[in-house]
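Asker: Structure provided below as structure tokens; questions to follow.
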Amino acid sequence: MNEKSCSFHNEKEVRDGQGERVSAGCSPSYDKDNGVLPNFRGIPISELRNHGILQALTTDANGWEPAVVSTEVLRAQEEWEAVDTIQPETGSRASPDQPGQLISFSEALQHFQTADLSHVKEKIQPTVRRTGLAALRHCLFGPPKLHQALREERDLVLTIAQCGLDSQDPTHGRVLRTIYKKLTGSKFDCALHGDHWEDLGFQGANPATDLRGAGFLALLHLLYLVMDPKTLLLAQEIFRLSRHHIQQFPFCLMSVNITRIAIQALREECLSKECNRQQKVIPVVNSFYAATFLRLAHIWKTQQKTISDSGFVLKDLEVLAKKNPRKLLKALEMYLTGVSKGQSSLLGAHKSSGPQAPRSKELTFTGVCDPQPHSSEGTWLI
């Protein structure tokens, strides 16, 4: 602290009885031995409040009483009281959930594995109910049933798909912010509500409104995609494609639809054979999601699809994914093998011609749970 910091009130100077100059604007605290302010210029700023210096400026000390309590002194005292709760790097109050720290897929999954979700689990339908000839045909010619030992893991996946986004849950917030940072390259935290989520492909300022039909599982799938080093390149490629001036589409909303396809494939037992083979459910569902997203991106880019084709593309993709999931998983394996060999892009070079499409802000989309049975262009599957 320098001498100028003592001048809270004015710069008038007076001389004490021994001829030393003392600023009248900085009232000294009383010292019993000589009645002079102790020299505290060497005390660190962070220790001022511990030494009671600011308190001494506004309270009595052995009979000494300041003539005038400066408003600057009171303001300074309030500021020092808040020093411990201010983050110097951001200038905002400290957050209890470790702001800025990314969260891994396994950590986010563990959050749901240890939470009490019994009230949500009661609402799930693990398999599609079939009756009559459909039930008989499925029993005779359909895929095998999921092994009993894997059904609890399957139920957990479907339970997470029933959970919504809770902005008050620190883990939920970390998942959202991790997705934002990994896709945009930002090093700073972002608000859980705001227009910046539209840049990632949500329909509005609140991502929670787009999760209907897939729940928090949609965010876990995005987290898996961006946090696994093997699939991060895929996420970045699809995200860049979604921002193309002609072939643009809402990235996160498209991802929610891919998650919805994965949920249906799991409930219709289309993934049971692969789950039984690997003796796992969650890794298979994650890979199926990534493989389906890869297939969509390949179709979108090579066939020059635009937003008006979205309804047709998603419907055809769902049929293909349920019919031959193993084929999609093989294509994903080939992609990841290419990534490991240093191939920068496996989606192929993009060529386009014609007038530019309108920007995404000028397009409107229906929600994943808003049925539009009579409309086939520019809409999203339910």
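Asker: Mean 1/r over all different Cα pairs, inverted: what Kirkwood radius does the range 216-281 give, in Å?
Answerer: On the way: mean 1/r = 0.0754 Å⁻¹.
Computed over the range 216-281, the radius equals 13.3 Å.
Asker: Let me check I've understood the local charge: for Val120, count other residues with C-beta under 13 angstrom from its C-beta, Lys and Arg +1, Asp and Glu -1. What total comes out?
Answerer: Values: positive: Lys121, Lys123; negative: Asp116, Glu122, Asp155, Asp166.
Here the charged neighbours net out to -2.
Asker: What is the extension gain from Ser118 to Gln264, computed as 0.36 nm multiplied by their sequence separation minus the C-alpha to C-alpha distance, in nm to one decimal?
Answerer: Working: separation 146, 0.36 × 146 = 52.56 nm, distance 2.16 nm.
In short, 50.4 nm is gained.
Asker: Let me ask something additional. Counting just the Cα atoms, what span does the range 194-349 cover along each of its three principal axes? Round to the nearest Å and put the largest first.
Answerer: 43, 35, 29
Asker: Also, quick follow-up: Any chance you could check the Cα centroid distance between the range 179-244 and the range 303-321 for me, in angstrom?
Answerer: After rounding, the separation between the Cα centres reads 21 Å.
Asker: How many Å² of accessible area per residue for the range 218-327, probe 1.4 Å?
Answerer: 34 Å²
Asker: Here is a follow-up. Taking θ = phi - 60°, what integer Hz values does the Karplus form 6.51 cos²θ - 1.76 cosθ + 1.60 yield along the range 182-192, in sequence order, with x for Gly and Pro?
Answerer: Using θ = phi - 60°, the values come out as 5, 7, 9, x, 5, 9, 10, 5, 10, 5, 6 Hz.
Asker: Still on this structure, I have one more. May I ask you to derive the FRET efficiency for Val319 and Arg277 from their Cβ-Cβ distance with R0 = 25 Å, giving the value to the nearest 0.05?
Answerer: Efficiency, rounded to the nearest 0.05: 0.65.
Asker: Report the local net charge at Ile103: Lys and Arg +1, Asp and Glu -1, summed over other residues whose C-beta lies under 9 Å from its C-beta.
Answerer: Net charge around Ile103: +1.
Asker: Fully extended, how many nm does the chain gain between Gln125 and Asp195 (0.36 nm per residue separation, minus their Cα-Cα distance)?
Answerer: Contour length minus the Cα-Cα distance gives 21.7 nm.
The values are calculated or read from the model by the stated rules, or taken from the named source; none is laboratory data. All values reported here derive from a predicted model rather than from experimental measurement. Glycine also receives a Cβ, built like all others from the backbone with ideal geometry; neighbour counts cover every protein chain displayed. We work out accessible area using only protein heavy atoms, side chains counted, and drop any ligands, DNA or RNA first. Shrake-Rupley method; radii C 1.70, N 1.55, O 1.52, S 1.80 Å.
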